[in-house]
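K.L.:
The structure follows.
The values are calculated or read from the model by the stated rules, or taken from the named source; none is laboratory data. Small disclaimer: the values here were computed from a predicted structure and weren't measured. Cβ: placed from backbone, ideal geometry, glycine included. Neighbour counts: every protein chain shown. Quick note on the areas: whole protein, heavy atoms, side chains included, nothing else; ligands and nucleic acids left out. Shrake-Rupley method; radii C 1.70, N 1.55, O 1.52, S 1.80 Å.
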Amino acid sequence: RSTASSMRFLILSLALSLAPAVAFADSGSDVLAGQRQQYRAAKSALQRGDPQPFLRARSLLADYPLYPYLELAELRRRLPALPQAEVERFLERHGNGLPAARLRAAWLPLLASHERWQEFLRHYVEDPANTERRCNHAWALLKTGATAEADRRTAEIWVAPRSLPQACDRLFQAWSTRGNPAPALAWQRFDAAMGAGQTGLARYVTRFLD
């Protein structure tokens with residue numbers, strides 16, 4: 001009987017000690033559920049062009065894992081008139097994360113379209129798969145006086161085995177006025193184009209061969 005009483009006392013003590021933790025977990029779940037609901041409402045409103053629910057919920061959602069995507073949506077909504085300082089603060093906070101990459105992907109073309117080359121260079125991050133961005137980068141170097149580096153970057157782009165975006169045309173035209181491409185580089189692209197089955201491009205490249 002004494003052993004049974006001790007066991008009941010032990011179970012009761014354990015239950016009482018765990019109660020605050022369970023209550024805290026329930027409270028945390030309630031907070032997360034509320035944040036999730038507010039996030040969805042703010043996201044939906046931003047998609048409609050209404051930033052007010054986002055602005056009202058900012059302090060409550062600051063530690064929500066998806067909050068940076070709300071910030072991103074709100075910044076992109078104002079992108080054409082967005083002060084550079086706001087962009088830089090967002091990029092600094094989110095480093096190389098996906099929200100920063102998405103803002104940069106929208107910001108860099110806007111800077112290029114307005115020929116804001118110094119800012120473009122300051123925010124530029126290489127993306128090997130984004131040829132248009134790379135061409136804009138080489139053009140920005142050229143327009144800011146870094147001609148040798150611009151030519152080096154242009155040569156790296158030009159040897160691609162396939163046709164390049166129209167956005168690169170001005171870069172290649174300026175590059176050609178300085179005697180480019182050299183025959184050795186032309187042979188490199190000719191071989192690459194033939195290897196990729198791009199016979200039309202290979203015929204075009206023959207004009208640069210000696």
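K.L.:
Hey, does the range 182-205 have a residue that's surrounded by 12 or more Cβ atoms within 10 Å (Cβ to Cβ), aliphatic (A, V, I, L, M) and within 28 Å of Q84 (Cβ to Cβ)?
P.N.:
There is no residue in the range 182-205 that is surrounded by 12 or more Cβ atoms within 10 Å (Cβ to Cβ), aliphatic (A, V, I, L, M) and within 28 Å of Q84 (Cβ to Cβ).
K.L.:
I've got another one for you. Given the structure, is R122 surrounded by fewer than 18 Cβ atoms within 10 Å (Cβ to Cβ), in a helix (DSSP H, G or I) and at pLDDT below 95? Spell out the reasoning first.
P.N.:
Working: surrounded by fewer than 18 Cβ atoms within 10 Å (Cβ to Cβ): yes; in a helix (DSSP H, G or I): yes; at pLDDT below 95: yes.
Against the criterion (surrounded by fewer than 18 Cβ atoms within 10 Å (Cβ to Cβ), in a helix (DSSP H, G or I) and at pLDDT below 95), R122 qualifies.
K.L.:
When you scan the range 136-166, how many residues do you find that are farther than 15 Å from A193 by Cα, touching a residue at least 12 places away in the same chain (Cβ under 8 Å) and in a loop (DSSP other than H, G, I, E, B)?
P.N.:
2
K.L.:
Among the residues of the range 129-148, are any of a type outside the set (K, R), closer than 28 Å to Q84 by Cα, open to solvent by 60 Å² or more (accessible area, probe 1.4 Å) and within 25 Å of the chain's Cα centre (by Cα)?
P.N.:
Yes, because at least one residue in the range 129-148 is of a type outside the set (K, R), closer than 28 Å to Q84 by Cα, open to solvent by 60 Å² or more (accessible area, probe 1.4 Å) and within 25 Å of the chain's Cα centre (by Cα).
K.L.:
Can you name the number of the only condition in (1) in a loop (DSSP other than H, G, I, E, B); (2) acidic (D, E); (3) under 30 Å from A41 (Cβ atoms) that E115 fails?
P.N.:
All conditions pass for E115, except number (3).
K.L.:
Given the range 1-112, what helices (runs of 4 or more DSSP H) lie entirely inside it while holding 3 or more residues that are modelled with pLDDT of 90 or more and surrounded by 11 or more Cβ atoms within 10 Å (Cβ to Cβ)? Can you show your working first?
P.N.:
Values: elements: 2-47, 52-61, 67-77, 84-94.
Once the helices (runs of 4 or more DSSP H) in the range 1-112 are filtered for at least 3 residues that are modelled with pLDDT of 90 or more and surrounded by 11 or more Cβ atoms within 10 Å (Cβ to Cβ), what remains is 67-77, 84-94.
K.L.:
List every residue pair whose Cβ atoms lie under 7 Å apart, where the two residues are 6 or more positions apart in sequence or sit on different chains, the first residue falls within the range 182-196 and is over 15 Å from R152 (Cα atoms), and the second residue, located anywhere, is open to solvent by 40 Å² or more (accessible area, probe 1.4 Å) and assigned to a helix (DSSP H, G or I).
P.N.:
P183/F208; F190/T206
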